[in-house]
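Presented below is the structure to which this report refers.
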Amino acid sequence: MERGNLLAVLDRFSEPTDSLALLRCARNDGVMINFPYLCINMCKYNLKATFKKHKLQLKRPAGTSRGVLTSKISWFIVVRDEENPNVHGIGEAGILPGLSIDDPNKTENKLNEICQNINDYRFYLEKGLIDFPAIRFGLETALIDLEKNGKRVLFPSGFTKGTDSIEINGLVWMGKFDFMRKQIVEKIESGFSCIKLKIGAIGFDEEITLIKSIRNEFSENDIEIRVDANGAFSKKNALDKLKILSGHNLHSIEQPIKQGQWEEMAKLCETSPLSIALDEELIGIEPKANKRKLLETIKPQYIILKPGLLGGFGQSEEWIELAGDNNMGWWITSALESNIGLNAIAQWTYTLGNKMPQGLGTGQLYANNFESPLAIEKGGLHYVPGQNWDLKDLF
Ligand SMILES: [Mg+2]
């Protein structure tokens with residue numbers, strides 16, 4: 001069974017008494033799933049909003065394709081109803097420099113504007129924040145949280161009840177060969193069945209040696225390996241590198257060449273023996289007609305959805321619907337959010353019913369993350385219902 005591919009969106013209907021409309025989809029294995037399409041209807045409220053900046057410190061510097069990261073700024077949007085001021089909805093707007101299209105110099109002005117005009121939230125969710133996808137995601141999250149009584153349970157499910165978990169990939173950070181190998185062994189020993197390896201940092205030959213050494217010990221059935229080039233390959237040599245990589249039973253490669261080269265990427269997707277997943281390519285593509293055009297032009301095997309970079313759940317669901325129309329696979333990934341953003345993304349992800357391992361393993365990165373009910377065990381992300389949030393830094 002090819003997991004999680006949506007074959008067709010059958011119909012969209014809304015329950016007038018509920019804030020969530022349901023989008024009914026059929027997976028290509030014939031299973032019907034419902035997933036919430038956001039249709040926030042809060043006209044009954046008199047809303048107030050504030051925001052707070054919070055600097056997240058990494059436990060240890062993380063090597064990324066855009067340099068070494070030691071800290072990350074997130075802004076937290078807090079929304080409440082004047083009639084019921086002790087209930088807070090919280091959303092996270094986190095910007096990844098060099099990746100988010102949000103202009104960090106304009107973020108606080110925009111947040112001030114939204115807080116002053118929070119009762120116009122519908123305008124901001126629909127079209128007022130197209131250049132600020134991180135804020136759009138944060139606002140959407142805060143409103144859903146408020147609508148669900150401010151308990152950080154945005155999408156009640158088996159996941160939030162603690163009876164089910166989400167399989168995730170183990171993320172292996174860039175670094176020297178030995179450091180990367182050590183991380184891989186640790187991930188496999190702690191129960192992950194899928195690892196994701198950032199490549200394009202230590203040199204291609206050394207990376208192939210690393211992948212070979214994993215495959216010598218662990219077969220394709222033991223461990224699924226995904227690689228992410230973050231656009232590191234050149235147009236000239238990308239296909240040769242994809243051919244070499246494909247000799248090692250990998251699942252897929254993310255973004256082999258830089259985004260914005262649709263013609264070259266389309267050629268690679270057509271000829272590559274290794275499945276290609278678009279990631280950075282999707283950022284900033286609006287409206288829906290342009291999303292469709294991108295998928296129909298490039299025809300990737302997979303797309304990767306990061307709600308924090310794409311403008312939230314509603315926007316990500318548009319991509320999912322289009323991927324279904326074009327018979328493409330997809331999975332969800334967090335983008336270095338704190339536990340507030342990660343919690344919202346994880347709960348939403350669970351409702352999508354996609355059984356592929358998701359990219360939601362980033363919660364343990366920060367020394368000053370918020371304590372939360374999220375926990376990672378045996379390659380799965382779990383929600384522990386009795387475990388409380390510690391949000392004192394935000395109030
Ligand atoms: Mg990626």
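What follows is calculated from the coordinates using simple rules that are stated; it is not laboratory data. Keep in mind that what you see is a predicted model, and the values were worked out from it rather than measured. FYI the Cβ positions are ideal-geometry reconstructions off the backbone, even for glycines, and counts take in every protein chain you see.
Could you work out [θ]222 nm for the chain from helices alone, using -39500 (n - 2.57) per DSSP H run of at least four and dividing by all its residues? Round to the nearest 500 deg cm²/dmol. Display every interim value, and only then the final one.
Numbers: 11 runs with 117 residues, N = 395.
When only DSSP H runs of four or more count, the value is -9000 deg cm²/dmol.
Based only on other Cβ atoms within 10 Å, what is the fewest-to-most ordering of GLU82, GLU281? All intermediate terms of the calculation are to be shown ahead of the outcome.
On the way: GLU82 9, GLU281 25.
Sorted ascending by nearby Cβ count, the order is GLU82, GLU281.
State the Cα centre-to-centre distance between segment 342-362 and segment 248-308 in whole Å.
20
Order these peptides, 66-79, 87-100, by their mean beta-carbon neighbour count within 10 angstrom, highest first. Walk me through the intermediate numbers first.
Details: 66-79: 18.1, 87-100: 21.9.
The peptides rank, most packed first, as 87-100, 66-79.
Roughly how far apart, in whole Å, are the Cα centres of segment 311-339 and segment 75-137?
First find each Cα centre; the distance between them is then 20 Å.
Given contacts defined as C-alpha pairs under 8 Å and at least six residues apart, what's the relative contact order of the chain, whole-number percent? Don't jump to the answer; show the numbers that get you there.
Values: 819 pairs, mean separation 77.7, N = 395.
Rounded, it is 20 percent for the chain.
What order, most packed first, do the peptides 177-185, 351-359, 146-154 have when packing is the mean number of other Cβ atoms within 10 Å of each residue? If you can, show how the numbers build up before the last one.
Values: 177-185: 15.8, 351-359: 21.8, 146-154: 19.7.
Answer by packing, highest mean first, reads 351-359, 146-154, 177-185.
Hey, could you get me the Stokes-Einstein D for segment 158-394, Kirkwood radius over alpha-carbon pairs, 37 °C and 0.692 mPa s, rounded to whole µm² s⁻¹?
Working: Rh = 18.5 Å.
The calculation lands on 177 µm²/s.
Based on the mean of other Cβ atoms within 10 Å per residue, sort peptides 115-126, 186-197 so the most packed one is first. Mind showing how you got there, number by number?
Details: 115-126: 15.7, 186-197: 18.0.
Answer by packing, highest mean first, reads 186-197, 115-126.
Once you charge only the Cβ atoms, +1 for Lys and Arg and -1 for Asp and Glu, what is the size of the charge dipole of segment 158-394 about its Cα centre, to the nearest 20 debye?
Once rounded to the nearest 20, the dipole reads 360 debye.
Residue-wise, which Karplus ³J(HN,Hα) couplings in Hz belong to segment 90-95, taking 6.51 cos²θ - 1.76 cosθ + 1.60, θ = phi - 60°, and x for glycine or proline?
The phi angles translate into 10, x, 10, 10, x, 10 Hz.
Can you give the local net charge around GLU108? Use residues other than it whose beta-carbon is closer than 12 angstrom to its beta-carbon, Lys and Arg +1, Asp and Glu -1.
With Lys, Arg at +1 and Asp, Glu at -1, the neighbours total +1.
Could you give me the ³J(HN,Hα) list for segment 255-261, computed from phi with Karplus coefficients 6.51, -1.76, 1.60 and θ = phi - 60°, whole Hz, x at Gly and Pro?
Working through the residues one at a time gives 6, x, 10, 4, 5, x, 10 Hz.
With unit charges on the beta carbons (Lys and Arg positive, Asp and Glu negative) and the dipole taken about the Cα centre of segment 158-394, which residue among ILE345, ASN290, GLY363 sits farthest to the positive side?
The residue sitting farthest along the positive end of the dipole is ASN290.
Nearest 5 is fine: what % of DSSP beta bridges in segment 158-394 come out antiparallel, could you say? Could you put the intermediate results ahead of the total?
On the way: 7 of 29 bridges.
DSSP beta bridges in segment 158-394 are roughly 25 percent antiparallel.
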